[in-house]
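So the structure is just underneath, and the comments pick up after that.
The values are calculated or read from the model by the stated rules, or taken from the named source; none is laboratory data. Given the structure is predicted, the values throughout are model-derived calculations rather than measurements. For neighbour counting, all protein chains shown are included, and Cβ atoms are generated from backbone atoms with ideal geometry for every residue, glycine included. Only protein heavy atoms, including side chains, enter the accessible area calculation; ligands, DNA and RNA are left aside. Shrake-Rupley method; radii C 1.70, N 1.55, O 1.52, S 1.80 Å.
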Amino acid sequence: MRTNGIHANLSSDFVLRKFAGENESNNMKKLLVANWKLNPQTLNEAKKLFKEVSNFKIHDPRFELVICPPFSYLSSIVSHKSSVIGHRSLVKLGAQDVFWEDKGAYTGEVSAAMLKNLGVEYVIIGHSERRRWLNETDEMINKKVLTTLKAGLKVILCAGEPLNIRRKGLVAAKRFVKNQLQNDLKNVSSFKFQVPRLIVAYEPIWAIGTGRPDKPEQTAEMAKFIKDVLGAMFHVSRFPEAEPRRKASFQRGKQVRYPEGETAFSYGAGGAGKFQVLYGGSVNSGNAEMFLEKKEIDGALIGGASVKPKEFGKIIKIAQRLS
Ligand code: PEP
């Protein structure tokens with residue numbers, strides 16, 4: 001018996017792991033996202049920084065690196081990328097924001113299609129600095145998430161609690177983050193292959209740019225909680241343990257679709273454990289290992305340290321070692 005070209009008598013776990021590109025030890029590639037924010041000040045500096053940072057990574061498939069420069073440098077960096085490190089480089093480009101409409105009278109905005117046409121693959125959405133300085137609401141963020149997924153780009157959704165909430169404890173922080181996720185991800189469909197392109201960056205606001213990172217154990221607990229919330233939202237927590245052979249009607253890429261209408265993107269043992277959750281907040285070369293060594297934490301979103309090539313290079317080495 002064959003299911004869409006795959007022998008159904010292969011161990012389902014094996015098939016799922018193969019589709020996920022996982023290795024035997026069930027490690028997941030770590031993902032590092034460099035958020036340059038409003039830096040550097042000139043295009044020449046941006047090109048130099050890009051070259052220095054991407055030099056640490058060229059052709060190493062063990063982990064994924066995404067660089068998110070300001071909009072104004074993106075197209076030059078795309079051309080620069082192929083000339084300095086070649087098309088085969090695994091360094092990916094991300095944008096720091098996007099607008100929810102495709103075209104029209106929206107002065108100053110940039111659409112997901114424009115980003116995609118440039119060669120951008122990831123978009124950071126809902127960063128707390130934009131929530132704070134631009135008054136971005138969950139409703140706006142939700143529209144951005146939907147439009148970006150629809151365009152076929154990957155979303156890095158930032159969520160995290162302010163200090164006054166965290167002071168009440170981790171339970172209060174979890175409640176806050178869950179609420180953000182539920183609002184920001186409204187109407188995101190398990191269908192149309194949207195969920196596999198969704199990454200959440202847990203960024204407690206009080207830890208961003210302050211030099212006061214979260215405690216890695218608490219981050220790991222929050223990351224697991226976020227994965228459970230996503231699992232419940234997208235109905236994947238029961239998979240694949242629950243009768244995968246009977247339920248899987250076909251398999252394509254990293255997707256397993258159920259006849260009932262549920263779509264799981266989660267592979268291998270652990271089901272919802274395969275949602276990607278990053279940590280962001282004062283990560284540097286001195287603390288990166290404590291976060292990245294946690295199995296619940298799939299990578300880091302890095303601001304300040306990402307524009308210091310030597311420092312970022314050390315973090316890249318740590319991520320490579322742990323991937
Ligand atoms: C960020 O910009 O998302 C961030 C985490 O910044 P920093 O690493 O500087 O705290």
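As a summary of the residue check, Leu90 satisfies the conditions (1) modelled with pLDDT of 95 or more; (2) in contact with an Asp or Glu (Cβ under 9 Å, 6 or more places away or on another chain) except for the one numbered (1). Checking each residue in the stretch 273-292 for being within 15 Å of the ligand (Cβ to nearest atom) and open to solvent by less than 30 Å² (accessible area, probe 1.4 Å) picks out Val277, Leu278, Tyr279, Gly280, Gly281, Ser282, Val283, Asn287, Ala288, Phe291, Leu292. Remark: Leu170 matches the filter, which requires a residue to be more than 17 Å from the chain's Cα centre (by Cα) and away from the ligand (no atom under 16 Å from the Cβ).
Residue-by-condition table, conditions (1) in a loop (DSSP other than H, G, I, E, B); (2) among the charged types (D, E, K, R); (3) modelled with pLDDT of 95 or more:
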| residue | (1), (2), (3) |
| --- | --- |
| Arg130 | no, yes, yes |
| Lys168 | yes, yes, yes |
| Ala173 | no, no, yes |
| Asn179 | no, no, yes |
| Val188 | yes, no, no |
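Condition first: of a type in the set (D, E, K, R), surrounded by fewer than 18 Cβ atoms within 10 Å (Cβ to Cβ) and within 16 Å of the ligand (Cβ to nearest atom). Can you find one or more residues in the stretch 109-119 that meet it? The answer is no; no qualifying residue exists. Each residue in the stretch 144-166 was checked for being assigned to a helix (DSSP H, G or I) and either surrounded by fewer than 18 Cβ atoms within 10 Å (Cβ to Cβ) or within 13 Å of the ligand (Cβ to nearest atom) (or both), and 3 pass.
Just one of the listed residues (Leu185, Leu181) is more than 18 Å from Gly281 (Cβ to Cβ) and within 15 Å of the chain's Cα centre (by Cα), and it is Leu185. Scanning the stretch 94-127 for residues that are within 21 Å of Ser79 (Cβ to Cβ) and in contact (Cβ under 8 Å) with a residue 60 or more places away in the chain yields Gly94, Gln96, Tyr122. Only one entry in Ile6, Ile67 is of a type outside the set (D, E, K, R), at pLDDT below 90 and touching a strand residue (DSSP E or B) at 6+ places or on another chain (Cβ under 9 Å), namely Ile6. Considering the stretch 132-143, the residues that are part of a loop (DSSP other than H, G, I, E, B) and within 16 Å of the ligand (Cβ to nearest atom) include one that is nearest to Gln194 (Cα to Cα), namely Glu136.
Within the stretch 293-315, the set of residues being part of a helix (DSSP H, G or I), surrounded by fewer than 24 Cβ atoms within 10 Å (Cβ to Cβ) and of a type outside the set (D, E, K, R) comprises Gly304, Ala305, Val307, Pro309, Gly313.
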